[in-house]
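Peer 1: I am attaching a structure below and will ask some questions about it afterwards.
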């Protein structure tokens with residue numbers, strides 16, 4: 001959990017940021033990915049939400065570290081929930097949001113939106 | 001999440017329920033084992049149970065300065081609320097309009113919503129930012145078809161205490177029945193039926209260190225109520241079912257044990273806690289009226305973080321509270337009370353309700369403050385909001 005700042009970037013590294021959800025709904029995540037040569041070197045996330053939302057967002061960052069962009073696209077909300085040992089049905093939407101954050105970040109990266117290069 | 005490793009356990013959710021006082025359990029016990037008879041039986045066993053039941057009725061009545069004939073025992077506050085609303089509507093032929101506030105307990109709100117589907121007309125009065133209804137709006141809402149006004153005495157979430165004396169007087173003047181849900185206020189806020197002309201009052205035992213599953217409805221002499229629970233002729237033929245004598249005896253004992261000094265104690269601890277929190281934890285705000293507030297209630301929103309996450313953090317430290325956040329409700333909507341007082345949704349999501357009990361100590365409140373501050377800081381560090 002936390003953030004990655006521009007200052008941390010080394011030459012060749014890129015930082016992409018994606019924000020999903022909104023506080024009105026009670027769930028909001030800001031995901032930070034550090035990428036080099038199509039590989040995710042580091043991932044951090046900040047979450048406003050319940051315990052399940054925090055857990056889903058945290059585990060998502062753990063799942064993507066070390067993966068390539070292509071591999072990261074394959075991460076599903078089912079994988080996130082499974083990594084936590086399952087979620088009660090009423091909390092399923094938390095895993096949705098975490099994966100939304102990931103896919104938005106990957107999409108941002110591919111389109112060059114919210115990307116900071118060193 | 002790892003199991004609670006601290007030895008400390010602080011219960012601050014007395015608004016949800018309370019531990020039964022040992023004296024209550026002691027008082028109840030004989031009515032399970034020796035004096036176990038059905039209170040309607042005319043033999044010795046029944047007579048013993050009947051004695052306990054009627055003595056308990058006198059105790060509860062005395063606490064309201066009411067007549068014992070005016071107390072009907074129920075299975076709790078929810079049943080009492082249902083009985084009052086449905087009972088009046090069914091009795092008052094031709095009048096099918098009910099007025100309630102937007103911050104009533106679900107037992108009142110959902111009963112009215114269910115009745116709306118059957119053609120009853122319901123007016124939901126707005127409340128201001130502190131949770132008070134407007135007496136002018138109430139008066140204007142009353143029509144020739146109004147059967148009942150139901151406004152809760154003290155709100156369970158934000159603790160706001162309505163001026164039910166003024167409300168009752170308006171209703172009396174306009175010849176409309178007035179019901180108040182006093183589940184949270186009974187023994188904590190003065191409630192004298194000679195002083196407050198309410199027609200119906202709901203009470204509950206488990207909020208005052210009594211047993212769960214028992215409550216009562218005060219029904220003023222002369223008020224006609226249509227029976228909802230058909231069966232035997234118990235409770236003046238208003239509520240069928242073998243009386244829960246042990247529960248009722250426990251309820252009366254609990255009412256007996258509730259003293260003014262407890263109210264003072266809880267209020268002092270609570271006031272000190274609120275001040276400490278508001279002064280030392282930034283971006284925290286008290287929800288509900290500061291002055292006209294239930295003695296043991298503190299509802300505080302912590303901005304930029306979410307209630308359930310904070311609740312579980314505190315739970316890890318052995319501290320029990322509740323929250324109005326969406327995540328703990330089945331509907332994923334934040335508390336209707338917090339929205340009704342005009343809180344922004346994200347502030348409503350960060351609300352925690354602390355409800356103290358007479359057994360809480362200053363030492364416990366200091367511990368809670370300490371852990372609360374740390375938990376709030378920890379959650380704010382990982383939050384995308386704020387700063």
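Peer 1: In peptide B:32-38, what is the residue-averaged number of other protein chain Cβ atoms found within 10 Å of each Cβ? Intermediate results must be reported in sequence, preceding the final value.
Peer 2: Numbers: counts 0, 0, 0, 0, 0, 0, 0.
Rounded to a whole number, the mean comes out at 0.
Peer 1: Using 1/(1 + (r/R0)^6) with R0 = 30 angstrom and r between the beta carbons of residue B:264 and residue B:316, what's the FRET efficiency to the nearest 0.05?
Peer 2: For R0 = 30 Å, the calculated efficiency reads 0.40.
Peer 1: Separate question: Note the full-extension length gain between residue B:173 and residue B:55 as 0.36 nm times their separation in residues minus their Cα-Cα distance, in nm to one decimal.
Peer 2: Working: separation 118, 0.36 × 118 = 42.48 nm, distance 3.45 nm.
Gain on stretching residue B:173 to residue B:55: 39.0 nm.
Peer 1: Just grab the label-to-label distance for residue B:192 and residue B:69, each label 7 Å out from Cα along the Cβ direction, in nm (one decimal).
Peer 2: 2.3 nm
Peer 1: Here's another thing I want to ask about it. Hey, rough spin-label estimate for residue B:137 and residue B:118, points 7 angstrom out along Cα→Cβ, what's it come to in nanometres?
Peer 2: 2.7 nm
Peer 1: Using only DSSP helix segments of four residues or longer, with each worth -39500 (n - 2.57), what per-residue ellipticity at 222 nm results for chain B after dividing by its residue count and rounding to 500?
Peer 2: Rounded to the nearest 500, it is -12000 deg cm²/dmol.
Peer 1: Any idea what log10 I(q)/I(0) is at q = 0.20, 0.25 Å⁻¹ for the range B:24-79, Debye with uniform C-alpha scatterers and no solvent?
Peer 2: So the normalised log intensities work out to -0.83, -1.06.
Peer 1: Let me ask you something else. In peptide A:45-58, how many Cβ atoms from other protein chains are near each Cβ within 10 Å, on average?
Peer 2: 6
Peer 1: So, one more: Could you check the simple spin-label distance between residue A:65 and residue B:110, using points 7 Å along Cα→Cβ, in nm with one decimal?
Peer 2: Between residue A:65 and residue B:110, the simple spin-label model gives 4.4 nm.
Peer 1: Separate question: Rounded if a/c is under 1.5, else prolate if a/b beats b/c, else oblate: with a ≥ b ≥ c from the C-alpha gyration tensor eigenvalues square-rooted, which is chain B?
Peer 2: oblate
Peer 1: Kindly state, to the nearest 0.05, the FRET efficiency for residue B:370 paired with residue A:1, given R0 = 22 Å and r defined as their beta-carbon distance. Provide the component values of the computation, followed by the final result.
Peer 2: On the way: r = 22 Å, r/R0 = 1.02.
Plugging the Cβ-Cβ distance into 1/(1 + (r/R0)^6) gives 0.45.
Peer 1: Another question, then. Consider a paramagnetic label point 7 Å from the Cα of residue B:285 along Cα→Cβ; state which residues of the range B:120-135 have an amide N under 17 Å from it.
Peer 2: What the label zone holds, given the 17 Å backbone N cut-off, is B:127-132.
Peer 1: With r defined as the distance between the Cβ atoms of residue B:16 and residue B:224 and R0 fixed at 45 Å, what FRET efficiency is calculated, to the nearest 0.05?
Peer 2: The calculated FRET efficiency here is 0.85.
Peer 1: Residue by residue through A:21-29, how many Cβ atoms from other chains fall within 10 Å of the Cβ on average?
Peer 2: Values: counts 1, 2, 12, 6, 6, 14, 5, 6, 1.
What the average comes to for A:21-29 is 6.
Peer 1: Let me ask something else. Expressed as an acute angle from 0 to 90° and rounded to the nearest 10, what is the orientation of the C-alpha long axis of helix B:77-91 relative to the principal long axis of chain B?
Peer 2: 50 degrees
Peer 1: Contour minus end-to-end for residue B:43 and residue B:145, with contour as 0.36 nm per residue of separation and end-to-end as the Cα-Cα distance? Spell out each step's value before the answer.
Peer 2: Numbers: separation 102, 0.36 × 102 = 36.72 nm, distance 4.79 nm.
Stretched out fully, the residue B:43 to residue B:145 stretch lengthens by 31.9 nm.
Peer 1: How much of the calculated P(r) for the range B:16-151 lies past 25 Å, in percent of all Cα pairs? Mind dumping the intermediate values first?
Peer 2: Numbers: 4335 of 9180 pairs.
That tail contains 47 percent of the Cα-Cα pairs.
Peer 1: Where does each of B:34, B:317, B:58 land when they are ranked from fewest to most other beta-carbon atoms within 10 angstrom?
Peer 2: Ordered by Cβ neighbours within 10 Å, fewest first: B:34, B:58, B:317.
Peer 1: So how do B:216-223, A:40-47 stack up, highest first, on mean other-Cβ count within 10 Å?
Peer 2: A:40-47, B:216-223
Peer 1: Arranged by the count of other C-beta atoms within 10 angstrom, fewest first, what order do B:185, B:33, A:5, B:41 take?
Peer 2: Result, fewest neighbours first: B:33, A:5, B:41, B:185.
Readers should treat all values here as calculations from the given coordinates under stated rules, not as data from a laboratory. As the structure is a prediction and not an experimental result, all values here were calculated from the model. Here the Cβ is made from the backbone with ideal geometry for all residues, glycine too, and neighbour counts use every protein chain on show.
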